[in-house]
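The values are calculated or read from the model by the stated rules, or taken from the named source; none is laboratory data. Here the structure is a predicted model, which is why all the values come from computation and not from measurement. Neighbour counts run over all protein chains shown; Cβ positions are idealised from the backbone, glycine included. Protein only, heavy atoms only, side chains kept; ligands, DNA and RNA dropped before computing areas. Shrake-Rupley method; radii C 1.70, N 1.55, O 1.52, S 1.80 Å.
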Amino acid sequence: MVITIIGILISLLLPAVQSAREAARRLQCQNNLKQIGLAFHNHEHTHGHFPSCGWGYHWVGDPDRGFGLKQTGGWAYNILPYIEQESLWAMGAGMPDGDKADQMSQRIATPLSFYNCPSRRRAIAYPNSAGYRPSGVASSVVAKSDYAGNMGGEGYWSGGSPSTLAAGDALTEQQWLENYQVDGSGNVRHYDGITYRRSQVDAAMIRDGLTNTYMVGEKYLMPDHYTTGGIGNDDQCLYSGHDQDVLVGSWLVPAQDRIGWSTAQRFGSAHSGGFNVAMCDGSVRTISYAINLATHRALGRRASGQVIDQSGF
C-alpha cells in the first residue's frame, strides 16, 4: 500500500517538475534573445545599421572586412563584439591567409550559449556531418544556432554567392541584385526584413514601428536532426553568411518542432504554444503558432503599411 501511494505521488509530481523545468528553459531562451536584441541595437548605434547577414553560406566572418557591405559573415558573427565576444570576432585579424583560415576554423567550432535554446539542445559543437567547408575553412565539428534573423515577409528565397573575395568585391550593386536576389522567374526581388545578404537596415527604415516588427526569433527545426546537421536549415555553422540556417521569413506560418516533418524557412521552436522572438524595440515576445498568417507576414516586413492589432499575437 505504501509503495502504491508513493508511486501515485511520484506520478503526480513528475509533470509539475517537468513543467517547472520547461518554464526555466523558456525563460533562458527569452533571455538569450534579449541579449541578442540588445546587441543588434548596439551594432546599429555604432555602425548606423543593424548587422548584415554577409554574402552567403559559402562564407563566414572575416575581421579584416569590417561591418559593412564587404563583410562576408552573418549577423551572429557581426554582433560578437556586442555580446562580450570581441576576441572571438577578431580571431585571425591581420594574419596571412593560411593562418587566418586556421583561426576561422577554430571559430566555427566555438559554440556560445546565447545562440542555443536549452529546450532544444546544448550549446556544444556538433559533428560536421554535412561536410560544411566555407571558403577553405574546415572543422570536424561546428557550432549551431537555434535563432534566425528576420529576412522579411516577401515570400521567396535565393541562395548562392561569389566563389572568391575578388569576384564579390568586383560586383556592382545591381550585379549583386541580378545574380543573387532573384525569384524563381528570374525577377530581381528585395528582402523587406531586418537582416539578409549585404543588408544595411537602420531603425528609421522600420516604418511599421519597432514594436511591430520581428528582429530575431527561434527557427523551426526537425527534432530528428537536432544533433546531426543532416537537414538543409541546420547543416552550416552559426557564423555563416546569408543562408536558411541563420535566416527565416514570415511568409509561412510558424510551427512547433515535429518529428518526421522536414520544413525550413519558417519560425518555430521546441516550446509548446508558440515561439520566442526579439522585436525591433528590444522586447521579447512569445508568438502563438496559431497567429493569423497575414498578421505574421506583416510582422516580418519592416514597412508593410498594415495596421497591426497587437492583441492578435
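Summary table below
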read-out	value
Filtered residues of the range 172-183 (kept if surrounded by fewer than 15 Cβ atoms within 10 Å (Cβ to Cβ) and among the β-branched types (Val, Ile, Thr))	Thr172
Matching residues, the range 32-56, being free of Cβ contacts under 8 Å to residues at least 60 places away in the same chain and either farther than 12 Å from Gly282 by Cβ or open to solvent by 10 Å² or more (accessible area, probe 1.4 Å) (or both)	Asn42, His43, His45, Thr46, His47
Any hit, the range 122-129, residues being modelled with pLDDT under 95 and part of a loop (DSSP other than H, G, I, E, B)	yes
Selection within the range 53-103 - hydroxyl-bearing (Ser, Thr, Tyr) and part of a loop (DSSP other than H, G, I, E, B)	Tyr57, Thr72
Yes/no for Gly168 being farther than 30 Å from Gly274 by Cα, assigned to a loop (DSSP other than H, G, I, E, B) and touching a helix residue (DSSP H, G or I) at 6+ places or on another chain (Cβ under 9 Å)	no
Members of the range 227-267 found to be under 15 Å from the mean Cα position of the chain (by Cα) and of a type in the set (Ser, Thr, Tyr), listed by number	Tyr239, Ser240, Ser250
Members of the range 262-281 found to be loosely packed, with under 15 Cβ neighbours inside 10 Å and either at pLDDT 95 or above or under 24 Å from Glu44 (Cα atoms) (or both), listed by number	Ser272, Gly273
Positions within the range 237-292 being polar (S, T, N, Q) and farther than 17 Å from Gln310 by Cα, in sequence order	Ser240, Gln244, Gln256, Ser262, Thr263, Gln265, Ser269, Ser272
Subset of the range 152-162 [open to solvent by 20 Å² or more (accessible area, probe 1.4 Å) and either closer than 16 Å to Gly54 by Cα or at pLDDT 90 or above (or both)]	Trp157, Gly159, Gly160
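Residue by residue, here is whether (1) open to solvent by 60 Å² or more (accessible area, probe 1.4 Å); (2) more than 22 Å from the chain's Cα centre (by Cα); (3) in contact (Cβ under 8 Å) with a residue 12 or more places away in the chain holds:
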| site | (1), (2), (3) |
| --- | --- |
| Gly131 | no, no, no |
| Val142 | no, no, yes |
| Ser145 | no, no, yes |
| Asn150 | no, no, yes |
| Thr164 | yes, yes, no |
| Ala170 | yes, yes, no |
| Ser185 | yes, yes, no |
